[in-house]
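S.K.: Below is a structure I'd like to ask you about.
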Amino acid sequence: GWGAAWFLEKVNIRNESSGEEYYFLCGKWLQATGSDTLVRELAARSADGTACRDLVNYKVDVITGDRRGAGTSANVHVVLFGENGDTGKRSLEPNGLGFSRKETETFGVEAVDLGAISRIEIGHDNSGWLAGWFLDKVIITNQTSGEIQYFPCGQWLDSSEGDGNIVRELLPAEDGPTYKPLVSYSLEITTGDRRGA
């Protein structure tokens, strides 16, 4: 609605038992348009402004598979889980036509350092026309350490295909094919020379 955008300067939290104070600096708009978003991950900072935990930029490459109707127009999200916590649900808003067959969409996810990523959750809200999606894999790169992890899928995220799930939990694995490629066949049919054939 009108005036729904909000410029968040900072959040202060004080532990009443210990007296410790944490400052979460934002300095950005919270809105659902353009490059701004309704959700922001803010790193806790001490009174002198130093981060309590390091922030890391994760590059998330989402690769749609090679199947007829593989792309989706639904709203896609991802959650990264690591030894130090998780990112919470993050919306992935592609440029252009969205998640298209045999295409890679790249996103940036800023979060506190999760450590080794143990699993991810990826899915969609089943909205829009042609919501079903054939996901090949997700590749996550820790931009600080350079570590690359592969999360193969090779399945439909579709309420009317396969097992009907629109959200999947993926575990890290070696890179490689996640599904069998399509094979083209030539078909020759010969009608017999019998009467009435």
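S.K.: Among what's in segment 50-77 and is touching a Phe, Trp or Tyr at 6+ places or on another chain (Cβ under 8 Å) and under 13 Å from Glu110 (Cβ atoms), pick the residue that is surrounded by the most Cβ atoms within 10 Å (Cβ to Cβ).
M.R.: Looking at the filtered set, the residue picked out is Val60.
S.K.: Determine whether segment 109-124 contains at least one residue that is basic (Lys, Arg), out of contact with any His (no Cβ under 7 Å at 6 or more places or on another chain) and in a loop (DSSP other than H, G, I, E, B). I'd like the intermediate steps shown before the answer.
M.R.: Initial filter on segment 109-124 (basic (Lys, Arg)): 119.
Checking which are out of contact with any His (no Cβ under 7 Å at 6 or more places or on another chain) leaves us with 119.
Keeping just the survivors that are in a loop (DSSP other than H, G, I, E, B) gives none.
No - not one qualifying residue is present in segment 109-124.
S.K.: Given the criteria under 30 Å from Arg45 (Cα atoms) and either loosely packed, with under 13 Cβ neighbours inside 10 Å or in contact with a Leu (Cβ under 7 Å, 6 or more places away or on another chain) (or both), does Ser145 qualify?
M.R.: Values: under 30 Å from Arg45 (Cα atoms): yes; either loosely packed, with under 13 Cβ neighbours inside 10 Å or in contact with a Leu (Cβ under 7 Å, 6 or more places away or on another chain) (or both): yes.
So Ser145 passes the test.
S.K.: If you don't mind, there's one more thing I want to ask. When Gly96 is evaluated against the numbered criteria (1) assigned to a loop (DSSP other than H, G, I, E, B); (2) within 30 Å of Phe24 (Cα to Cα), which criterion, by number, is the only one it fails?
M.R.: With respect to (1) assigned to a loop (DSSP other than H, G, I, E, B); (2) within 30 Å of Phe24 (Cα to Cα), Gly96 is out only on (2).
S.K.: Can you say whether Asp136 is farther than 30 Å from Cys26 by Cβ and part of a loop (DSSP other than H, G, I, E, B), as far as the supplied structure shows?
M.R.: On the way: farther than 30 Å from Cys26 by Cβ: yes; part of a loop (DSSP other than H, G, I, E, B): no.
Against the criterion (farther than 30 Å from Cys26 by Cβ and part of a loop (DSSP other than H, G, I, E, B)), Asp136 does not qualify.
S.K.: Restricting to segment 97-131, and then to whatever is among the aliphatic types (A, V, I, L, M) and exposed (fewer than 15 other Cβ atoms within 10 Å of the Cβ), can you tell me which residue is nearest to Glu161 (Cα to Cα)?
M.R.: The first filter runs over segment 97-131 and keeps only residues among the aliphatic types (A, V, I, L, M), leaving 97, 109, 111-112, 114, 116-117, 120, 122, 130-131.
Still in the list and also exposed (fewer than 15 other Cβ atoms within 10 Å of the Cβ): 97, 116, 130.
On the way: Leu97: 22, Ala116: 32, Leu130: 12 Å.
So the residue we want is Leu130.
S.K.: List pairs: first residue in segment 1-14 and at pLDDT 85 or above, second residue not in a strand (DSSP E or B) anywhere in the structure, Cβ distance under 7 angstrom, at least six positions apart or on different chains.
M.R.: Here the result reads Val11/Leu42, each pair linking segment 1-14 to a residue that is not in a strand (DSSP E or B).
The values are calculated or read from the model by the stated rules, or taken from the named source; none is laboratory data. Worth saying up front: this structure is predicted, and the values here are computed from it rather than measured. Methodologically, a virtual Cβ is constructed for each residue, glycine included, from the backbone with ideal geometry; neighbour enumeration extends over all protein chains shown.
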